[in-house]
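Structure first, commentary second.
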Amino acid sequence: MSTAETPSTAETPRSSPDEPWPVRVVSQKVGAWIARLGWVWVDGQVAQISRRPGAATVFLTLRDPSADLSLTVTTNRDVLDAGAPELREGARVVLHAKPEFYAARGTLSLRADEIRQVGLGELLARLEKLKKLLAAEGLFDRARKRRPPFLPRRIGLITGRASAAERDVLTNARRRWPAVEFRTVNVAVQGPTAVPQIVDALRALDTDESIDVIILARGGGSIEDLLPFSDEALCRAVFACRTPVVSAIGHETDTPLVDHVADVRASTPTDAAKRIVPDLAEEVRLIQLARHRLDRSVRNLIDREAHRLDGLRSRPVLARPQVMLDARASEVTALRQRGGRCLDHRLGAAADELRHTLARLRALSPAATLTRGYAIVQRADGQVVRAAEQVATGDPLRVRLADGELTATVDG
C-alpha cells in the first residue's frame, strides 16, 4: 500500500521510567496522534470483502502486494456501490480514507469515503512506468542473464497447487528425461497473497544447494490475473537469485515484467520443460549418430593406412631389399677401383716429377762439377778461395775433389 500524504507531528515527550504510563494512556495518545493524520489516498489490493446482509457498513481487507501487510477498511455500502459496484477480491483500488485507531483493541483501520477501482488502462500505464524504472536499473540487462545447465541435477518448480502448469512441466520433463528430480513448491499464483508466497518460495529454493535451476510457472489468464508476476518486489527477488530462473507465465502472448528479469523466458510451461531438460531419445539418437560417424572415420582411417602399407610393401626396395644392397655394393666397388686408379696415376706422376727434380739437382749440384775434374779450395777457416790474393805464402789449404780431399800449403 502507498499513501499520497504524510502527516507532520510534534514529538511526544517521553515519561520517566519512575512514572510509567498505563496502557490506556498509551492507547489514548496513539489514538490522538493518529487522529491528527488527516485524510490520505491509499493504493492497495483487495484481499477480502465482507458485506453483511442488511448492514450499511462494508468491511474490506486491503493488502500491499509488495509486502506482507494489510489493513482493515470500513466504508458505507453507498460509497462502495458508487465507486466500485463490481469490486471483487484481488482487484486493485485507490481509496480516500482517514486512519483510525481503536484503543480498546489496539488496532489500526481506515475509514473510506471514496473508493475507485483501478482500470485496465491505469494498470498498464503503471506497469509501463515500472518497466522503464527496472530497465534503467539494469534488471533487464542481457549481459547478466545466466544459461541453465545442460542437465540439471534437481529442478525447483514454483506453481499453483494441482494446476495445469504444474502438470505440463512435470509430465513433459519426465517424458523427455525420466530420471529428472523436482522440488515443487505450491503457492498462490493470483490474488493478494501471491507475491509474498512466491518470493518466499524463491528464497527457499535459491538457498537449496541441490537446486540447479528454478522454474516459475503459471497458466494463462487475464492481465489482472497475471498482475502478481509484474510486481516490483517479485522482479527484484528474481533478480537477486543466484540460481538461474526460468519464467513460464501464461501463454506466448503474455509478457509480465518477470519475463524480462528472468534468465530464460519460456512461452509456456511446456516450453519451459523442453528448454530445461534435454530429450533422452534425441540425445541417444545423437550419441548413436556420433558413434556411427566415429566408427566410419576409424574404418576409413584404417583402410587408408592399410592401402598405404600395401603400396609401400609393393615397392621394389621392400619387395627385394637385397637389390638396394647389390646396387650400393657395385657403387662401392666402382668407387674403390676409381680411387685406386686415381691414386696410382697420382703416384706415377709424382715419381716422374721426383726423378726430373733429382736430375736437375744433380746437374746443378757442385758434386757434379767436381766429377768433371774441378776442385774446391778452402782456407783453414772454411772460406772458399776464389782469388790468389785471398791467401798468402805458407797458408794451409783444403782441396776438395770429387772423390776425397787434399791438404796443401801455399809456396808462392
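The values are calculated or read from the model by the stated rules, or taken from the named source; none is laboratory data. Here the structure is a predicted model, which means the values were calculated and not measured. Accessible surface is based on the protein model in full, side chains and every heavy atom, while ligands, DNA and RNA are left aside. Shrake-Rupley method; radii C 1.70, N 1.55, O 1.52, S 1.80 Å.
The helix-only estimate of mean residue ellipticity at 222 nm for the chain, built from DSSP H runs of length n ≥ 4 each weighted as -39500 (n - 2.57), is -13500 deg cm²/dmol after division by the residue total. In straight-distance terms, cross-link reach from LYS129 covers every one of the lysines whose alpha-carbon lies under 29 Å from its own, apart from those fewer than eight places away in the same chain; here that gives LYS98, LYS145. For the range 27-77, the solvent-accessible area works out to 50 Å² per residue, with a probe of 1.4 Å and every protein chain left in place.
Accessible surface calculations at 1.4 Å, restricted to protein heavy atoms, place the range 115-179 at 63 Å² per residue. Ordering PHE150, PHE140, PHE229 by accessible surface, largest first, gives PHE150, PHE140, PHE229; the 1.4 Å probe counts only protein heavy atoms, with every chain in place. Both radii were evaluated on the Cα set of the range 211-277; the Rg over Rh quotient, with Rh as the Kirkwood radius, amounts to 0.94. Proximity of backbone amide H atoms, modeled 1.01 Å from N, is registered between VAL213 and ARG154, GLY156 at under 5 Å, excluding neighbours fewer than 5 places apart on the same chain. How much of the accessible area of the range 142-219, in percent, comes from carbon and sulfur atoms when a 1.4 Å probe is used? Carbon with sulfur: 49 percent of the solvent-accessible area.
Against the longest alpha carbon principal axis of the chain, how many degrees, from 0 to 90 and to the nearest 10, is the axis of helix 23-35 turned? Taking Cα atoms only, the helix is inclined about 80 degrees. Considering only LEU312, LEU286, LEU108, the Gaussian network model of the chain with Cα springs below 10 Å gives its largest mean-square fluctuation to LEU312. Treating each Cα of the chain as an identical point scatterer and ignoring solvent, apply the Debye formula and state log10 I(q)/I(0) at q = 0.11 Å⁻¹. Results for the chain at q = 0.11 Å⁻¹ read -0.99. Quick one: helix 164-176 against the long Cα principal axis of the chain, what's the angle to the nearest 10°, folded into 0 to 90? Between the helix axis and the principal axis of the chain, the angle is about 30 degrees.
Probing with 1.4 Å while keeping every protein chain in the model, the per residue accessible area of the range 305-412 equals 84 Å².
The angle between the Cα long axis of helix 280-314 and the main principal axis of the chain comes to about 10°, on a 0 to 90 degree scale.
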